[in-house]
Amino acid sequence: MARSGSLSDFERRLVTQRREDDRLDREQRRQDKEREKVRQQEQVEARQREAEEKTAAVQERVKILEEILTGILPRPALTFERLMAVPKVPPFDPGELGQVLAAPGWSEFAPVPPHGLSRLLRARFQRELAQARGRFQAAEAEHQQREAQRRQALAVAKASYDQKLTQERARAARRNAYVASRQSAFAAGQAGAVEWFADCLLKASRYPDGFPREHQVTYQAEDRSVTVEAELPPVSVVPSVRAYRYVHARDVIEPVPRQDSEIRQRYDRLVSCVALRTLHEIFTATPPEVVVAVTFRGRVTTVDVATGKPSRAHLVSVSARRPVFDDLVLAAVDPEACVARLNALAPAG
(Lines give C-alpha, C1' and ligand atoms only; values in the text may rest on other atoms or scores of the structure.)
Protein backbone atom coordinates (compact mmCIF):
# COMPACT_ATOMS: atom_id res chain seq x y z
CA MET A 1 0.00 0.00 0.00
CA ALA A 2 2.84 2.38 0.78
CA ARG A 3 4.32 1.78 -2.66
CA SER A 4 0.96 2.33 -4.34
CA GLY A 5 0.40 5.52 -2.37
CA SER A 6 3.90 6.69 -3.21
CA LEU A 7 3.29 6.12 -6.92
CA SER A 8 0.02 8.03 -6.69
CA ASP A 9 1.86 10.97 -5.12
CA PHE A 10 4.38 10.91 -7.97
CA GLU A 11 1.61 10.98 -10.53
CA ARG A 12 -0.05 13.89 -8.75
CA ARG A 13 3.23 15.78 -8.70
CA LEU A 14 3.70 15.01 -12.40
CA VAL A 15 0.23 16.31 -13.22
CA THR A 16 0.90 19.42 -11.14
CA GLN A 17 4.22 19.97 -12.90
CA ARG A 18 2.60 19.60 -16.30
CA ARG A 19 -0.08 22.09 -15.37
CA GLU A 20 2.59 24.51 -14.19
CA ASP A 21 4.55 24.01 -17.40
CA ASP A 22 1.39 24.62 -19.44
CA ARG A 23 0.70 27.76 -17.44
CA LEU A 24 4.24 29.04 -17.92
CA ASP A 25 4.06 28.24 -21.64
CA ARG A 26 0.79 30.15 -21.97
CA GLU A 27 2.29 33.06 -20.04
CA GLN A 28 5.36 33.06 -22.28
CA ARG A 29 3.21 33.06 -25.42
CA ARG A 30 1.15 35.91 -24.00
CA GLN A 31 4.26 37.94 -23.23
CA ASP A 32 5.67 37.20 -26.69
CA LYS A 33 2.44 38.41 -28.28
CA GLU A 34 2.50 41.57 -26.18
CA ARG A 35 6.14 42.24 -27.09
CA GLU A 36 5.38 41.66 -30.76
CA LYS A 37 2.40 44.00 -30.52
CA VAL A 38 4.57 46.66 -28.90
CA ARG A 39 7.27 46.13 -31.54
CA GLN A 40 4.77 46.49 -34.36
CA GLN A 41 3.29 49.60 -32.78
CA GLU A 42 6.75 51.12 -32.39
CA GLN A 43 7.49 50.31 -36.02
CA VAL A 44 4.26 51.96 -37.13
CA GLU A 45 5.03 55.04 -35.06
CA ALA A 46 8.58 55.16 -36.46
CA ARG A 47 7.31 54.96 -40.03
CA GLN A 48 4.71 57.63 -39.31
CA ARG A 49 7.44 59.89 -37.88
CA GLU A 50 9.52 59.24 -40.99
CA ALA A 51 6.62 60.30 -43.18
CA GLU A 52 6.07 63.41 -41.04
CA GLU A 53 9.76 64.32 -41.22
CA LYS A 54 9.80 63.97 -45.00
CA THR A 55 6.66 66.09 -45.19
CA ALA A 56 8.24 68.73 -42.96
CA ALA A 57 11.32 68.81 -45.22
CA VAL A 58 9.12 69.41 -48.28
CA GLN A 59 7.18 72.13 -46.47
CA GLU A 60 10.42 73.81 -45.40
CA ARG A 61 11.65 73.77 -48.99
CA VAL A 62 8.42 75.37 -50.17
CA LYS A 63 8.67 77.99 -47.42
CA ILE A 64 12.22 78.86 -48.52
CA LEU A 65 11.05 79.30 -52.11
CA GLU A 66 8.13 81.46 -50.98
CA GLU A 67 10.56 83.76 -49.13
CA ILE A 68 13.03 84.19 -52.02
CA LEU A 69 12.03 87.86 -52.21
CA THR A 70 10.73 88.82 -48.78
CA GLY A 71 13.45 86.94 -46.93
CA ILE A 72 16.23 89.21 -48.22
CA LEU A 73 14.49 92.56 -47.74
CA PRO A 74 15.83 93.14 -44.19
CA ARG A 75 19.41 92.36 -45.18
CA PRO A 76 21.85 95.25 -45.48
CA ALA A 77 22.98 96.18 -48.96
CA LEU A 78 26.45 95.22 -50.15
CA THR A 79 29.01 98.03 -49.88
CA PHE A 80 32.57 98.50 -51.05
CA GLU A 81 33.63 98.46 -47.41
CA ARG A 82 32.27 94.92 -47.05
CA LEU A 83 34.31 93.90 -50.08
CA MET A 84 37.50 94.95 -48.34
CA ALA A 85 39.67 92.08 -47.12
CA VAL A 86 40.76 91.54 -43.52
CA PRO A 87 43.87 89.44 -42.81
CA LYS A 88 42.65 85.99 -41.83
CA VAL A 89 45.52 84.93 -39.58
CA PRO A 90 44.63 84.01 -35.98
CA PRO A 91 46.82 85.22 -33.09
CA PHE A 92 50.08 83.39 -32.66
CA ASP A 93 49.63 80.33 -30.48
CA PRO A 94 52.94 78.75 -29.49
CA GLY A 95 51.24 75.86 -27.75
CA GLU A 96 53.62 73.74 -25.69
CA LEU A 97 56.58 75.61 -27.21
CA GLY A 98 55.53 78.66 -25.20
CA GLN A 99 55.88 76.84 -21.88
CA VAL A 100 59.30 77.11 -20.22
CA LEU A 101 60.57 73.69 -19.20
CA ALA A 102 60.82 73.22 -15.45
CA ALA A 103 64.45 73.18 -14.31
CA PRO A 104 65.62 70.28 -12.13
CA GLY A 105 65.79 71.01 -8.39
CA TRP A 106 68.62 69.93 -6.14
CA SER A 107 66.12 68.57 -3.63
CA GLU A 108 65.21 65.88 -6.15
CA PHE A 109 68.78 64.54 -6.12
CA ALA A 110 70.20 65.40 -2.68
CA PRO A 111 70.85 62.31 -0.48
CA VAL A 112 69.51 62.14 3.05
CA PRO A 113 72.21 63.23 5.56
CA PRO A 114 73.26 60.53 8.06
CA HIS A 115 71.92 60.68 11.60
CA GLY A 116 75.01 59.32 13.27
CA LEU A 117 78.59 60.56 13.57
CA SER A 118 80.12 57.34 12.35
CA ARG A 119 83.08 57.84 10.05
CA LEU A 120 81.71 55.06 7.81
CA LEU A 121 78.34 56.79 7.52
CA ARG A 122 79.97 60.14 6.78
CA ALA A 123 82.18 58.60 4.10
CA ARG A 124 79.22 56.88 2.44
CA PHE A 125 77.26 60.12 2.55
CA GLN A 126 80.09 61.98 0.83
CA ARG A 127 80.14 59.40 -1.94
CA GLU A 128 76.37 59.61 -2.35
CA LEU A 129 76.62 63.41 -2.32
CA ALA A 130 79.22 63.42 -5.07
CA GLN A 131 77.13 61.02 -7.16
CA ALA A 132 74.02 63.13 -6.61
CA ARG A 133 75.88 66.28 -7.69
CA GLY A 134 76.96 64.51 -10.85
CA ARG A 135 73.41 63.42 -11.65
CA PHE A 136 72.15 66.91 -10.86
CA GLN A 137 74.70 68.54 -13.15
CA ALA A 138 73.82 66.08 -15.91
CA ALA A 139 70.13 66.87 -15.45
CA GLU A 140 70.88 70.60 -15.57
CA ALA A 141 72.86 70.17 -18.77
CA GLU A 142 70.07 68.12 -20.33
CA HIS A 143 67.52 70.74 -19.25
CA GLN A 144 69.57 73.54 -20.76
CA GLN A 145 69.86 71.62 -24.01
CA ARG A 146 66.13 70.88 -24.17
CA GLU A 147 65.33 74.48 -23.25
CA ALA A 148 67.62 75.72 -26.03
CA GLN A 149 65.89 73.40 -28.48
CA ARG A 150 62.49 74.66 -27.30
CA ARG A 151 63.51 78.29 -27.76
CA GLN A 152 64.87 77.51 -31.20
CA ALA A 153 61.68 75.70 -32.21
CA LEU A 154 59.64 78.59 -30.81
CA ALA A 155 61.66 81.07 -32.84
CA VAL A 156 61.14 79.00 -36.00
CA ALA A 157 57.37 78.76 -35.35
CA LYS A 158 57.15 82.50 -34.67
CA ALA A 159 59.12 83.30 -37.83
CA SER A 160 56.82 81.07 -39.87
CA TYR A 161 53.78 82.78 -38.33
CA ASP A 162 55.21 86.24 -39.01
CA GLN A 163 55.84 85.25 -42.63
CA LYS A 164 52.25 84.03 -43.05
CA LEU A 165 50.96 87.19 -41.38
CA THR A 166 53.06 89.38 -43.66
CA GLN A 167 51.86 87.49 -46.72
CA GLU A 168 48.24 87.68 -45.62
CA ARG A 169 48.51 91.40 -44.89
CA ALA A 170 50.09 91.96 -48.29
CA ARG A 171 47.32 89.95 -49.94
CA ALA A 172 44.67 91.96 -48.09
CA ALA A 173 46.43 95.21 -48.98
CA ARG A 174 46.49 94.27 -52.67
CA ARG A 175 42.84 93.31 -52.54
CA ASN A 176 41.86 96.51 -50.76
CA ALA A 177 43.85 98.66 -53.16
CA TYR A 178 42.04 96.96 -56.04
CA VAL A 179 38.63 97.47 -54.39
CA ALA A 180 39.48 101.12 -53.68
CA SER A 181 40.41 101.67 -57.32
CA ARG A 182 37.17 100.03 -58.39
CA GLN A 183 35.25 102.22 -55.95
CA SER A 184 36.75 105.39 -57.47
CA ALA A 185 35.97 104.19 -60.98
CA PHE A 186 32.46 103.20 -59.88
CA ALA A 187 31.81 106.66 -58.47
CA ALA A 188 32.92 108.10 -61.81
CA GLY A 189 30.42 105.87 -63.60
CA GLN A 190 32.96 103.76 -65.48
CA ALA A 191 31.15 100.80 -67.04
CA GLY A 192 33.71 98.16 -66.09
CA ALA A 193 33.65 99.16 -62.41
CA VAL A 194 29.85 99.30 -62.24
CA GLU A 195 29.58 95.89 -63.89
CA TRP A 196 32.21 94.48 -61.51
CA PHE A 197 30.37 95.74 -58.43
CA ALA A 198 26.99 94.49 -59.68
CA ASP A 199 28.59 91.12 -60.37
CA CYS A 200 29.99 91.04 -56.82
CA LEU A 201 26.64 91.76 -55.21
CA LEU A 202 24.85 89.13 -57.32
CA LYS A 203 27.50 86.55 -56.42
CA ALA A 204 27.12 87.44 -52.75
CA SER A 205 23.34 86.95 -52.91
CA ARG A 206 22.52 83.66 -51.19
CA TYR A 207 20.05 81.37 -52.98
CA PRO A 208 18.91 77.87 -52.01
CA ASP A 209 20.48 74.74 -53.45
CA GLY A 210 19.40 74.00 -56.99
CA PHE A 211 19.58 77.61 -58.17
CA PRO A 212 22.11 78.34 -60.95
CA ARG A 213 24.55 81.19 -60.41
CA GLU A 214 25.28 82.15 -64.02
CA HIS A 215 24.65 85.77 -64.93
CA GLN A 216 26.02 88.57 -67.11
CA VAL A 217 25.93 92.26 -66.27
CA THR A 218 26.17 95.19 -68.67
CA TYR A 219 26.10 98.91 -67.89
CA GLN A 220 25.20 101.82 -70.15
CA ALA A 221 26.79 104.97 -68.76
CA GLU A 222 24.84 107.33 -71.04
CA ASP A 223 21.51 106.42 -69.44
CA ARG A 224 22.88 104.98 -66.17
CA SER A 225 21.18 101.62 -66.71
CA VAL A 226 22.17 98.12 -65.62
CA THR A 227 21.03 95.01 -67.48
CA VAL A 228 21.27 91.56 -65.93
CA GLU A 229 20.95 88.39 -68.00
CA ALA A 230 20.57 85.48 -65.57
CA GLU A 231 19.97 81.75 -65.64
CA LEU A 232 16.82 80.70 -63.80
CA PRO A 233 16.28 77.38 -62.03
CA PRO A 234 14.24 74.74 -63.85
CA VAL A 235 10.66 74.08 -62.88
CA SER A 236 11.85 70.98 -61.00
CA VAL A 237 13.09 73.32 -58.25
CA VAL A 238 9.49 73.33 -57.01
CA PRO A 239 8.86 70.08 -55.09
CA SER A 240 6.60 67.76 -57.08
CA VAL A 241 5.48 66.19 -53.80
CA ARG A 242 3.07 67.92 -51.45
CA ALA A 243 3.48 65.54 -48.52
CA TYR A 244 4.21 61.94 -47.52
CA ARG A 245 1.85 59.49 -45.88
CA TYR A 246 2.39 56.11 -44.27
CA VAL A 247 0.18 53.27 -45.56
CA HIS A 248 -0.01 50.75 -42.74
CA ALA A 249 -1.62 47.99 -44.80
CA ARG A 250 1.39 47.82 -47.13
CA ASP A 251 4.01 49.22 -44.77
CA VAL A 252 5.13 51.83 -47.29
CA ILE A 253 5.59 55.60 -47.29
CA GLU A 254 3.89 57.10 -50.33
CA PRO A 255 4.33 60.60 -51.76
CA VAL A 256 1.27 62.79 -52.16
CA PRO A 257 1.84 64.44 -55.55
CA ARG A 258 1.47 68.14 -56.09
CA GLN A 259 -0.85 69.10 -58.93
CA ASP A 260 0.83 70.29 -62.12
CA SER A 261 -1.21 73.50 -62.04
CA GLU A 262 0.09 74.32 -58.56
CA ILE A 263 3.69 73.57 -59.59
CA ARG A 264 3.40 75.93 -62.56
CA GLN A 265 1.76 78.61 -60.42
CA ARG A 266 4.47 78.41 -57.78
CA TYR A 267 7.20 78.40 -60.42
CA ASP A 268 5.84 81.47 -62.21
CA ARG A 269 5.64 83.28 -58.90
CA LEU A 270 9.21 82.21 -58.08
CA VAL A 271 10.51 83.56 -61.40
CA SER A 272 8.89 86.93 -60.70
CA CYS A 273 10.36 86.95 -57.19
CA VAL A 274 13.88 86.35 -58.54
CA ALA A 275 13.45 89.22 -60.99
CA LEU A 276 12.21 91.65 -58.32
CA ARG A 277 14.89 90.49 -55.90
CA THR A 278 17.63 91.25 -58.44
CA LEU A 279 16.28 94.73 -59.08
CA HIS A 280 16.01 95.35 -55.34
CA GLU A 281 19.57 94.23 -54.64
CA ILE A 282 21.06 96.45 -57.36
CA PHE A 283 18.99 99.53 -56.55
CA THR A 284 19.69 99.34 -52.81
CA ALA A 285 23.46 98.87 -53.32
CA THR A 286 23.98 101.65 -55.88
CA PRO A 287 23.44 105.42 -55.70
CA PRO A 288 21.07 107.19 -58.12
CA GLU A 289 23.87 109.21 -59.66
CA VAL A 290 25.35 105.92 -60.95
CA VAL A 291 22.29 103.69 -61.53
CA VAL A 292 18.86 105.02 -62.35
CA ALA A 293 17.38 102.02 -64.19
CA VAL A 294 17.70 98.24 -64.02
CA THR A 295 16.56 95.55 -66.43
CA PHE A 296 16.40 91.84 -65.57
CA ARG A 297 16.08 89.12 -68.17
CA GLY A 298 15.75 85.57 -66.92
CA ARG A 299 16.22 82.49 -69.04
CA VAL A 300 16.12 78.77 -68.37
CA THR A 301 18.05 76.01 -70.09
CA THR A 302 16.05 72.91 -70.91
CA VAL A 303 16.20 70.06 -73.41
CA ASP A 304 14.12 70.37 -76.58
CA VAL A 305 12.14 67.13 -76.63
CA ALA A 306 11.88 67.34 -80.43
CA THR A 307 15.64 67.59 -81.06
CA GLY A 308 17.22 66.42 -77.80
CA LYS A 309 19.40 69.52 -77.84
CA PRO A 310 19.71 72.19 -75.12
CA SER A 311 17.19 74.98 -75.48
CA ARG A 312 17.32 78.37 -73.76
CA ALA A 313 14.02 80.14 -73.31
CA HIS A 314 13.52 83.61 -71.85
CA LEU A 315 10.84 83.43 -69.16
CA VAL A 316 10.82 86.93 -67.74
CA SER A 317 11.95 90.40 -68.67
CA VAL A 318 11.30 93.39 -66.42
CA SER A 319 12.64 96.94 -66.33
CA ALA A 320 12.20 99.64 -63.74
CA ARG A 321 13.43 103.13 -63.06
CA ARG A 322 14.52 103.98 -59.55
CA PRO A 323 11.70 106.38 -58.54
CA VAL A 324 9.04 103.85 -59.55
CA PHE A 325 10.80 100.92 -57.88
CA ASP A 326 11.53 102.84 -54.67
CA ASP A 327 7.80 103.50 -54.35
CA LEU A 328 7.02 99.75 -54.15
CA VAL A 329 6.29 97.92 -50.89
CA LEU A 330 7.95 94.67 -51.89
CA ALA A 331 6.97 92.87 -48.70
CA ALA A 332 3.30 93.16 -49.66
CA VAL A 333 3.18 92.99 -53.48
CA ASP A 334 1.95 90.13 -55.61
CA PRO A 335 5.18 89.37 -57.52
CA GLU A 336 3.58 88.54 -60.88
CA ALA A 337 1.26 91.54 -60.77
CA CYS A 338 4.17 93.76 -59.77
CA VAL A 339 6.30 92.59 -62.71
CA ALA A 340 3.41 93.18 -65.09
CA ARG A 341 2.89 96.70 -63.71
CA LEU A 342 6.57 97.57 -64.01
CA ASN A 343 6.63 96.42 -67.62
CA ALA A 344 3.51 98.43 -68.32
CA LEU A 345 5.18 101.55 -66.88
CA ALA A 346 8.50 100.95 -68.66
CA PRO A 347 9.13 103.31 -71.58
CA ALA A 348 8.93 101.74 -75.02
CA GLY A 349 12.21 100.75 -76.63
Solvent-accessible surface (1.4 angstrom probe) belonging to residue 133, in square angstrom, nearest 10: 130 Å²
Three-way shape call for segment 1-129 based on the alpha-carbon gyration tensor, with the a/c threshold at 1.5: oblate
Long-range HN-HN contacts of residue 224 with modeled amide H, under 5 Å: none
Percentage relative contact order, the chain, counting C-alpha pairs under 8 Å, at least six apart: 18 percent
Whole-number D in µm²/s for the chain (Stokes-Einstein; Kirkwood sum over Cα pairs; 10 °C, 1.306 mPa s): 53 µm²/s
Karplus-derived HN-Hα couplings along segment 89-95 (A = 6.51, B = -1.76, C = 1.60, θ = phi - 60°), whole Hz, x at Gly and Pro: 10, x, x, 5, 10, x, x
For segment 250-333, average projected area of the Cα convex hull in nm²: 9.8 nm²
Qualifying lysines (Cα of each under 26 Å from Cα of residue 164; at least 8 residues distant if same chain): 88
244, 178, reordered so the largest accessible area comes first (probe 1.4 Å): 178, 244
Solvent exposure of the chain as accessible area per residue, Å², 1.4 Å probe: 66 Å²
Candidate residues 86, 38: accessible-area rank, largest first, probe 1.4 Å: 86, 38
Partners for residue 54 among lysines (Cα-Cα distance below 17 Å; same-chain residues under 8 apart left out): 63
Taking segment 207-349 and dividing mean pair separation by its residue count, relative contact order in percent (alpha carbons under 8 Å, at least six apart): 22 percent
For segment 82-144, with +1 on Lys and Arg beta carbons and -1 on Asp and Glu, the positive-most of 120, 143, 100 along the dipole: 120
Kirkwood-based Rg to Rh ratio, segment 58-190, C-alpha trace: 1.48
Probe 1.4 Å, all protein chains present, accessible-area order of 218, 295, largest first: 218, 295
Apportionment of accessible area to carbon and sulfur, the chain, percent (1.4 Å): 53 percent
Karplus-derived 3J(HN,Hα), 6.51/-1.76/1.60, for each residue of segment 323-331, Hz, glycine and proline x: x, 5, 5, 5, 7, 7, 9, 4, 5
Residues with amide H under 5 Å from that of residue 316, placed H, sequence gap 5 or more: 298
Estimated vicinal HN-Hα couplings, Hz - segment 222-232 in sequence order (Karplus 6.51, -1.76, 1.60; Gly, Pro = x): 5, 10, 6, 10, 10, 10, 10, 9, 10, 7, 9
Debye intensity ratio in log₁₀ form over the Cα atoms of segment 179-332, taken at each q of 0.21 Å⁻¹: -1.32
For segment 65-141, fraction of C-alpha pairs farther apart than 17 Å, in %: 73 percent
Exposure of residue 33 as accessible area (Å², to 10), given a probe of 1.4 Å and all protein chains: 150 Å²
Top positive-direction residue, dipole computed over the chain with Cβ charges, set 241, 165, 176: 165
Computed [θ] at 222 nm, deg cm²/dmol, the chain (DSSP H ≥ 4; -39,500 (n - 2.57); rounded to nearest 500): -20000 deg cm²/dmol
Counting all C-alpha pairs of segment 181-250, share separated by more than 13 Å (%): 73 percent
Low-density loop positions, chymotrypsin sites (Phe, Trp or Tyr not before Pro), segment 79-169 - DSSP coil, at most 16 other Cβ in 10 Å: 92
Where the Cα pairs of segment 121-209 fall when distances are cut into 10 Å bins, in %: 13, 17, 15, 12, 11, 10, 8, 7, 5, 2
Segment 4-49, dipole about Cα centre (Lys/Arg Cβ +1, Asp/Glu Cβ -1), debye to the nearest 20: 240 debye
Relative contact order (%) - criterion: Cα under 8 Å, at least six apart; region: segment 235-300: 24 percent
Exposed-loop-free span, longest in the chain, where GluC sites (Glu not before Pro) count as exposed if DSSP calls them loop and at most 10 other C-beta atoms lie within 10 Å: 1-213
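The values are calculated or read from the model by the stated rules, or taken from the named source; none is laboratory data. Given the structure is predicted, the values throughout are model-derived calculations rather than measurements. Note that we place each Cβ from the backbone using ideal geometry, even for glycine, and neighbour counts take in every protein chain shown. Just so you know, the surface numbers come from the protein's heavy atoms only, side chains and all, with ligands and any DNA or RNA stripped out. Shrake-Rupley method; radii C 1.70, N 1.55, O 1.52, S 1.80 Å.
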